[in-house]
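Comments concern the structure below.
The values are calculated or read from the model by the stated rules, or taken from the named source; none is laboratory data. Note that the coordinates shown come from a computational prediction; the quantities given were computed from them, not determined experimentally. No Cβ is skipped: glycine too gets one built from the backbone with ideal geometry, and neighbour counts run over all protein chains shown. These accessible areas exclude ligands, DNA and RNA; they are computed on the full protein's heavy atoms, side chains included. Shrake-Rupley method; radii C 1.70, N 1.55, O 1.52, S 1.80 Å.
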Amino acid sequence: MVDTQIKARGIRDAKVLDAMRKVERHLFVPEGFVDSAYADMPLPIGCGQTISQPYIVAYMTEALRLKPTDRILEIGTGCGYQAAVLGEIVKEVYSIEVVKSLAEEARVRLERLGYKNIRVKWGDGYDAWQAYAPYDAIIATASPVEIPQKLVEQLKPGGKMILPVGSFFQELYLVEKTETGVREQAILPVRFVPMVHPREKEFNENE
Ligand code: SAH
């Protein structure tokens, strides 16, 4: 998977390639999809959600230019695959998932796999996660129609954020926060599930 789908398409960051080799994707997909776990496509993970195509996971991870000391926020834990890839590279990963069952399953799965540096919370990504802010980098794997301001606020100056933006037509945006402002750049057309606004917020706000 790494050689034919990821290296061949130009991903060069050794830390990203190593992490993609190390995290076993078949441990993150539902039983019926284990045979296609390493295929070049997104896969369903239940609740109408998907695990992203491996190349896109690698592409977004590389674009953040991560360092081993970084603290990262992820919106859209899903099955926890992207969080695990990040967890191999950086010091701390905080990940928010709006679907309770997915958040709980991902938390259990990541614990079982031994990731002590990843914390998953059931919550609304639009609220971000103040307790551990500011973050060196932020990644969203669900698509809002515009860049959520709270996420920009919780990004460190000098930090990078990558996220899909749009509804039917989406672009991957790289957002860089500088001391003087914010630079936004559309870099790739993509297709992610929407970042939803939950109607009722009954999350545990103490997390
Ligand atoms: N990163 C995941 C891919 C998840 S798909 C992986 O590696 O498997 C996108 C996820 O975003 C879905 O699980 C969806 O439930 C979640 N999501 C959608 N809107 C959200 C919101 N407002 N806050 C947090 N998560 C959200």
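Miscellaneous remarks
- Residues of the range 43-75 that turn out to be near the ligand (Cβ under 10 Å from one of its atoms), among the β-branched types (Val, Ile, Thr), assigned to a helix (DSSP H, G or I) and open to solvent by less than 10 Å² (accessible area, probe 1.4 Å), as a count: 1
- Filter result (touching a Cys at 6+ places or on another chain (Cβ under 8 Å), within 10 Å of the ligand (Cβ to nearest atom) and more than 18 Å from Ile72 (Cβ to Cβ)) within the range 102-149: Leu102
- Among the residues listed as Tyr55, Tyr115, the single one being within 20 Å of Leu163 (Cα to Cα) and among the hydroxyl-bearing types (Ser, Thr, Tyr): Tyr55
- Some residue of the range 1-14 being within 13 Å of the ligand (Cβ to nearest atom) and open to solvent by less than 10 Å² (accessible area, probe 1.4 Å): no
- First in the range 118-145 and free of Cβ contacts under 8 Å to residues at least 40 places away in the same chain, second anywhere and near the ligand (Cβ under 9 Å from one of its atoms) and hydroxyl-bearing (Ser, Thr, Tyr), Cβ under 8 Å, 6 or more apart: Ile118/Ser95; Arg119/Ser95
- Listed by first and then second residue, the pairs linking a residue in the range 59-80 that is over 23 Å from Gly114 (Cα atoms) to a residue that is away from the ligand (no atom under 16 Å from the Cβ) and open to solvent by less than 10 Å² (accessible area, probe 1.4 Å), with Cβ atoms under 8 Å apart and 6 or more places separating them unless they lie on different chains, are Tyr59/Ile11; Glu62/Ile11.
- Residue match in the range 43-55 (condition: at pLDDT 95 or above and out of contact with any Phe, Trp or Tyr (no Cβ under 8 Å at 6 or more places or on another chain)): yes
- Evaluation of Ala140 against (1) aliphatic (A, V, I, L, M); (2) over 14 Å from the mean Cα position of the chain (by Cα); (3) within 23 Å of Ile56 (Cα to Cα) (one fails), failing number: (2)
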